[in-house]
Number of protein chains: 2
Amino acid sequence: MANKITAISGFPEYLPAEQLAFNSIVSKVQAVYAAFGYVPLETAAVERIDTLTAKGIDSKEVYALRRLNVEGDDDGAKELALRFDLTIPLARYVSQHYANLVFPFRRYQVQPVWRGERPKAGRYRQFHQLDLDYVTEGALPLAADAEVIAAAHQALAAILPSGTKFKMRINNRKLLQGLLKTYKAKDLPAAIRAIDNLEKVGADATQTALVQHGGLPAPQAEALLQLLREPYPLEALKGVSTTPEAQEGIAELELVLTRAQEFLAPRPSFLVPDLTIARGLDYYTGTVLETTLEAAPELGSICSGGRYDNLAESLSSRALPGVGVSIGLSRLFAWLKTQAPYNTQAATTAQVLVANQSADLMPYYTQLAAQLRAAGIATEQVLAPLKLATQLKNAAKKGISYAVIANDEEQQKQIVNLKNLATEKQQTLPLAELLKTLQPLLA
Amino acid sequence: MANKITAISGFPEYLPAEQLAFNSIVSKVQAVYAAFGYVPLETAAVERIDTLTAKGIDSKEVYALRRLNVEGDDDGAKELALRFDLTIPLARYVSQHYANLVFPFRRYQVQPVWRGERPKAGRYRQFHQLDLDYVTEGALPLAADAEVIAAAHQALAAILPSGTKFKMRINNRKLLQGLLKTYKAKDLPAAIRAIDNLEKVGADATQTALVQHGGLPAPQAEALLQLLREPYPLEALKGVSTTPEAQEGIAELELVLTRAQEFLAPRPSFLVPDLTIARGLDYYTGTVLETTLEAAPELGSICSGGRYDNLAESLSSRALPGVGVSIGLSRLFAWLKTQAPYNTQAATTAQVLVANQSADLMPYYTQLAAQLRAAGIATEQVLAPLKLATQLKNAAKKGISYAVIANDEEQQKQIVNLKNLATEKQQTLPLAELLKTLQPLLA
């Protein structure tokens, strides 16, 4: 018999207090997204392998299925694999259920994804993503970019410890492409990937990559990098690249920022234009964004996304343009759980303990607990007459606030003891006054 | 490019209205379980294969992992498989995190499980279970059986269509084993499995199985079956089998029923003692239960469970007795979604649409929507001036209740039109009165 089970590396799990903190974060984000009319969606854990790998993804990261001890006819298990993001499942879902959806389709999705990576700090094999997307058919208004950005901004403001500063850094691929053309890039996707790596590898390596992979002449690469890294008024950029693409990109970026600020008003906004934001993925076509936390830059971007012209080109003949952002919840939570208010989360949602001093009084304790629950107070009832000190100690350890204590004699007299488990102060009161005494204490 | 994606058989997914109905059901159950002080738990999707198969489970149903296109050193992927229930993950979790948990450990868990079965009606390869368990170290009070039963009973009452009759059928393994000994069974586990199959195969086949596998003489098998199938006062059973096991089983069953009714009072209870309930799994040692719906017997048991002396014997040297019940949510939902109130669920939680008649008015519409959201009204804002009729039709299709409509002139005059999308009645009112008009309509 093994006495010690070791954790499976890369598959994080939480203790009760952590799980409750995690759930409270998810609830706050959901409340914001639902207020904007986004609906929750859950897709199956698996997709067909040919759906997952249609976009030329590195298939080595995919966890595929197999039936244990079944060879040959495995009912199709070998064609299936675990999703590694929530975007491909959305594309497949929208294509599959197209006829039954009303567009624009606003959805959010909080589910785990799986990647067969070698786990290390901040990199998991199973992690939760929290995706928000606005997908439509026909024209996609730029206001959709702004709505998605504003909703995610509001969600982050709701879950981050109060006073946390973050920056939602917005850019536009058209602007970037226009600038790259002006600066004589030969391979635009390679040049964009080089810019995307800037924060990881630094200016010198980026400049080298722009020259070697992007095909920019060295002086242009240097000048471009300088331009991208300096805060530059968007208005002034109009004179830097006169390509139609750059002009369009600037106009889009200005409008998205304006609209997003309108959505957020009167709240303060942490939106900034940032020309160094590129995003690695090829499918972004306009707005792109990343979000960094001043207090925890090591997390990288906690919320990223952008606008795409066609969600599901490999799956459907219909053009479904959209815009979406994704919060990397598991990685963010590894930091959040060390911060207020999450680092003091109780290990239960029960607020009151009904202690047990006599097996004979079980029906009475049960009645007490039922009354509290009926009044909306989550209540844990001790089901056997253990040592009272142990009952109270365990309750305090879990973070239960109050204990209701009564023995035979007190039951006869219809009085109870109400003990504050944090201060250990105790008062004795008539049973009839219990609820009206407790309610303001718990409010 | 494929134009039609076919569903992956056995992995159910929901349209927005269904997903919202599903989520509302989960929320109702969670509210009941949390009121009793149970905490939510989520475990990783995978377990080690040797953990999953330690109990002699049919490993052919297990979906194991493999890394796609990676042979040899796959970082341990081949040792991992998807969980097929929530009990083994609980056992592993409690063993692994023993030192950081406070006992008794009350937890609920709503997560999908996976089984490599050939899918058919009501049988899935991915389905959600909703488990509730009370696990402790040392003595497990019988009141725990009652609490778990009462909490599940209350949860079912909360989610079933009003007026739905269900039966929670409670039995006790000790009673069953005592009776089987009195009736001269030679192989108790085989005889219990025979009784467990009674509803599936009928009385004749069960009688045959009792004789052939359980080793009962034919007259005893017949007499036992008759006894089990007739409603029999528990009190009278005390004279039927005088084995200590049966006497203990009867006393336990009586106490569990009494306590469970106390927990449920003053609500009506659908608890009944039922001697035909056996449960197939070997690890149950006392209370066992199944739950059937009068209106949908074809669902089989919608909520089943029992008491076990040791949750994690293959994983830990500690004895962790417990009691738990599991609601087969996916299968139950396939029926629930056809019933009120779930069959009229809207496809969005948005209650109000802010229509769009002019791109120039975007900032105004945004303000309107923000005011509604700030008042707690989920609001969908149309982001482009599409045809008004289309906007309203789409909103009505999703089940949004009201539309707020204003054009340039109305914005100037600070008036809005409020349209009931179900009745198509419209009223014009001062903007300042919008909130106080809407709030009672939506309450």
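Every number here is computed from the coordinates shown, using simple stated rules; none is lab data. Since the structure is predicted, the reported quantities are computational estimates derived from the model, not experimental observations. Reconstructed Cβ throughout: ideal geometry from the backbone, glycine too, with neighbour counts over all protein chains shown.
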Below 8 Å between Cα atoms, with a sequence gap of 6+, how large is the relative contact order for the stretch B:372-443 in percent?
21 percent
Rounded to 10°, Cα long-axis angle of helix B:388-398 versus longest principal axis of chain B:
10 degrees
Towards the positive end of the charge dipole of the protein assembly as shown, with charges on Cβ (+1 Lys, Arg; -1 Asp, Glu), say which of A:Leu224, B:Phe333, A:Leu156 has the farthest Cα.
A:Leu156
With +1 on each Lys and Arg Cβ and -1 on each Asp and Glu Cβ, how big is the dipole of chain B about its Cα centre, in debye rounded to the nearest 20?
760 debye
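If contacts are Cα pairs under 8 angstrom and at least 6 residues apart, what is the relative contact order of chain B in percent? Mind showing how you got there, number by number?
Working: 772 pairs, mean separation 68.7, N = 443.
For chain B, the relative contact order is 16 percent.
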Using alpha carbons only, what's the Rg to Rh ratio of the stretch A:281-437 with Rh from Kirkwood?
1.31
By count of other Cβ within 10 Å, fewest leading, how are B:Leu255, A:Leu429 ordered?
A:Leu429, B:Leu255
Chain B: calculated mean residue ellipticity at 222 nm from DSSP helix runs of at least 4, using -39500 (n - 2.57)
-11500 deg cm²/dmol
Counting DSSP beta bridges in chain A, what percent are antiparallel, to the nearest 5?
80 percent
Hey, got the average number of other protein chain Cβ atoms within 10 angstrom for residues in A:378-385?
6
Using Cα centres only, tell me the gap between the stretch B:311-349 and the stretch A:339-363 in whole Å.
24 Å
Would you mind checking the tilt of helix A:362-374 against the longest principal axis of the Cα atoms of chain A, expressed as 0 to 90 degrees and rounded to 10?
40 degrees
Just rank A:Lys181, A:Lys186, fewest to most, by other beta-carbon atoms within 10 angstrom.
A:Lys186, A:Lys181
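What average number of partner chain Cβ atoms lie no more than 10 Å from the Cβ of the residues making up B:29-40?
On the way: counts 0, 2, 2, 1, 2, 6, 12, 7, 16, 5, 12, 7.
Per-residue shielding by partner chains comes out at 6.
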Over all directions, how big on average is the projection of the convex hull of the alpha-carbon atoms in the stretch A:16-343, in square nanometres?
18.7 nm²
Between A:Gln412 and B:Thr243, how many nm apart are label points set 7 Å from Cα along the C-beta direction?
4.4 nm
Pairs beyond 21 Å (Cα-Cα), from A:Lys337/A:Lys397; B:Lys174/B:Lys238; B:Lys28/B:Lys337; B:Lys387/B:Lys425; A:Lys393/A:Lys425; A:Lys200/B:Lys78:
A:Lys200/B:Lys78
Kirkwood hydrodynamic radius for the stretch B:37-158: how many Å is it when counted over pairs of different Cα atoms?
16.4 Å
Post the alpha-carbon centroid distance, the stretch A:113-180 to the stretch A:226-264, in whole angstrom.
19 Å
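Do any GluC sites (Glu not before Pro) in the stretch A:232-300 lie in a DSSP loop with no more than 10 other beta carbon atoms within 10 Å, and if so, which?
Details: sites: A:Glu235, A:Glu245, A:Glu248, A:Glu252, A:Glu254, A:Glu262, A:Glu290, A:Glu294, A:Glu298; in loops: A:Glu294.
The qualifying sites are A:Glu294.
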Provide the three semi-axes, in whole Å and in decreasing order, of the ellipsoid equivalent to the stretch A:348-442 as defined by the square roots of 5 times the Cα gyration tensor eigenvalues.
17, 16, 13
For chains B and A related by rotation, which residue of B has the Cβ nearest the axis, and what is the rounded distance in Å?
B:Arg66, 2
For the protein assembly as shown, just the Cα atoms, rotate onto the principal axes and tell me the three extents in Å, largest first.
99, 66, 54
Mind checking the mean number of beta-carbon atoms from other chains within 10 Å of the Cβ atoms in A:41-50?
5
Report for the stretch A:348-442 the percent antiparallel among DSSP-assigned beta bridges with both residues inside it, nearest 5.
60 percent
Where does helix B:173-182 land angle-wise versus the long Cα axis of chain B, in degrees 0 to 90, nearest 10?
30 degrees
Using label points projected 7 Å from each Cα along Cα→Cβ, tell me how many nm separate A:Glu117 and A:Ala265, to one decimal.
4.0 nm
